[in-house]
Amino acid sequence: MMFPDGGSYVCKSCGQTKEKGKEQTIVTKSENRETTVITENVATLPKTRIACPECNHSEAFFVIRQTRAADEPETRIYRCCKCNYSWREY
């Protein structure tokens with residue numbers, strides 16, 4: 001897996017580097033597999049209609065996580081589609 005480091009992506013295990021912004025597909029060292037790197041803010045999470053407490057926009061991405069004990073309800077984490085403000089509801 002490649003991670004951003006300055007102006008390039010660097011593989012932590014093999015040390016291979018790839019310049020940012022040149023391609024969205026990065027070929028690994030073995031040359032028989034390809035890994036796609038998403039360089040844009042692509043909406044892959046589900047959306048819901050909820051008012052953002054920061055800008056009052058009415059749409060946000062959300063994920064559900066079990067942050068407390070299993071017998072307690074899950075936590076809903078939201079991120080505003082407009083201003084990227086994050087908040088949670090228990």
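For this structure, a couple of remarks:
- Between CYS81 and GLU59, ALA60, PHE61, the built amide H atoms are under 5 Å apart, and every one of these is 5 or more places off in sequence or on another chain.
- Order of ARG79, ARG49 - criterion: other Cβ atoms within 10 Å of each residue's Cβ, fewest first: ARG49, ARG79
- Across the stretch 47-89, the volume of the C-alpha convex hull divided among the residues equals 60 Å³ per residue.
- Charge tally around TRP87: other residues with Cβ under 13 Å, Lys/Arg +1 each, Asp/Glu -1 each, net +1.
Every number here is computed from the coordinates shown, using simple stated rules; none is lab data. A quick note: this is a predicted structure, and the numbers were derived from the prediction, not measured. We place every Cβ from the backbone using ideal geometry, glycine too, and count neighbours over all the protein chains shown.
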